[in-house]
Structure formats: C-alpha cells, structure tokens
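To keep things clear, I will list the structure first and then write my remarks on it.
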C-alpha cells in the first residue's frame, strides 16, 4: 500500500465518524486587507452566540493571530505532532474563552508524516472536532501553495477584499489558481465575499460584483456576498492596542457589521450545515500537497 492509498484509507476512516465542527477558512488574495482581524472578531462573535470556537493560525511564521490577541502560546501544532503534546495542551485560551492554535511549522510538516504519526494525529484531531462547534482557519495571504491547498481543502471559504484595485485583482488571481487545480470541486465549495474598509454599502456591493461577475463568467465559480466592514479608525486603534474591536469597541460600526456577518453565517441553518471537521480538512490538505509535489 503506497502513501496515497494509506491517506485514502484514513479519509475513509473519518467518514465513519461524525465530526461536529464547522470549518471556515478565511483568506485573501494579498496581505494587509484585514483577514486576521476578521478571523479573530468573527470567532468572538460566534462565541458570544454560544458557539465553542477555536482559531488555527495557518499563516506560517507570521503569528498574526497571537500578535492581534497579545498572547504568546506555549505550544503549537508541531508540538502536537512531534513532542507528544495533547490537543488540549496546544490550545491557548484567548478572550471570552475563544481557543487558538498556533500553526508554526507544524502545518508545513504535515506532508512528511509517516503512517504511525499520521494515525496519532488523526486521533488527536478528531478530539478537537468534538470540543468545538466552529474552527476558523486563518490562512496566509496571496497565492502561495499552502493558501491554495487550504482553500481547496476547506468546505467553506471567506474571501476578504478591499477597494484597492490590487486587492480585487489578487483575489481573482487566487480564485483562478484554485480553479486550475484538479482537486477543486465547485459543487462542494461555498465561497463567500466580505468587503473590508469600504465607505458605504454601495461600495461594498460594487466590489463584490466586480469580482463575482468575472469569476462567474471566466471560472464558472459562483460566490455569495456576506456584507461589508467600514473604514473605521477605531478598528485600526484596536489592532494597534492588541484588543479585538468586538471587545474594545463592541458598539462600533465595524464590530456591529462583523456581528451581522456572523449572524448571516448562523442563519444558514447552523445545525444543518455540513460539518466535515478539521481532521478531514487537514487530511485533504496533506493529500492535495502530496499530489502537487
């Protein structure tokens, strides 16, 4: 049995289990568009609505989530894989009880796991699926292989775009790169757009339509508009002060807009949403990475 067969066997094993977590990947075509801020504040809004939430920081080496929360984790995903730490030990508790896992180099190392380590990892990740209702993956930015692989592996994707022309064109480039991959299954993928740092409802809708029209026409990818987050000085201040705006300025327009976006995600009949779980997502990630070697 080769590596690919072993991987398929693990995926089939997961199908027999019933994951309870909804996995959402937050991504963008370029850096600096507020992707991590949305990930953190969306997690807090889900938590406020009674959902158990954990964030996986998959932006290798940049540690944006821990910087935004002002928390330095003791362990990361690599410790789970190589240092025999439990899933509970690598979870750092953030504000309002939101959990957070630093990916560190661990996500990159997933592809090199032997059969025994992969088996142990699956057992630990399945436990993570039972601990949380929502797992938010804060991907890297741009069209690096790891970003594309997470977008391919995650059933639900939030694409963050700003009014900058480069943000819109780079977001389209990311979609185009994903569309080229044989693993891309548009029927099993939900891609939702969030317009960030906009001046009005109309500007947000216009950004969505710009990217949606070309994605539909040239890539046959249909997307949904979740809403916009305004240009807000208090949001910038919150980032500088390492205090999420949902806590620091809960009644600001930005915080209320993120709350509205969370509400829309919850309105999609939360309990009926397909929950594939983080174990299967990361196994799909490994499979995709191996096939692209």
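Overview of values
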{"item": "The chain: calculated mean residue ellipticity at 222 nm from DSSP helix runs of at least 4, using -39500 (n - 2.57)", "result": "-14500 deg cm²/dmol"}
{"item": "Tilt relative to the chain, helix 165-180 - C-alpha long axis, 0 to 90 degrees, to 10", "result": "30"}
{"item": "On Cα atoms only, tilt of 277-291 relative to the major axis of the chain in degrees", "result": "80"}
{"item": "Between helix 115-131 and the chain: long-axis angle, C-alpha atoms, 0 to 90°, nearest 10", "result": "40"}
{"item": "Footprinting exposure proxy for 68, 96, 223 (fewest neighbouring C-beta atoms within 10 Å first)", "result": "96, 223, 68"}
{"item": "Segment residue 241-residue 71, extension gain: residue separation times 0.36 nm, minus the distance between their alpha carbons", "result": "60.0 nm"}
{"item": "Counting DSSP beta bridges with both ends in the range 3-291, the antiparallel % (nearest 5)", "result": "5"}
{"item": "Length-normalised contact order for the chain - Cα pairs under 8 Å, 6+ apart - percent", "result": "27"}
{"item": "Which of 35, 117 has the fewest Cβ neighbours within 10 Å, and the rest in rising order", "result": "117, 35"}
{"item": "Listed values (i) 24, 22, 21; (ii) 29, 23, 17; (iii) 27, 22, 21, entry calculated as semi-axes √(5λ) of the Cα gyration tensor in Å", "result": "(ii)"}
{"item": "Between the range 141-185 and the range 189-230, the Cα center-to-center distance that results, in Å", "result": "13"}
{"item": "Ranking of 150, 82 by count of other Cβ atoms within 10 Å, fewest first", "result": "82, 150"}
{"item": "Gain on full stretching of the segment that runs from residue 115 to residue 185 - 0.36 nm per residue minus C-alpha separation", "result": "22.5 nm"}
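Any read-out appearing in this document is the output of simple, stated calculations on the displayed coordinates, not a laboratory observation. Source: prediction; values computed, not measured. Please note: Cβ atoms are built from the backbone with ideal geometry, for glycine as well, and neighbour counts cover all protein chains shown.
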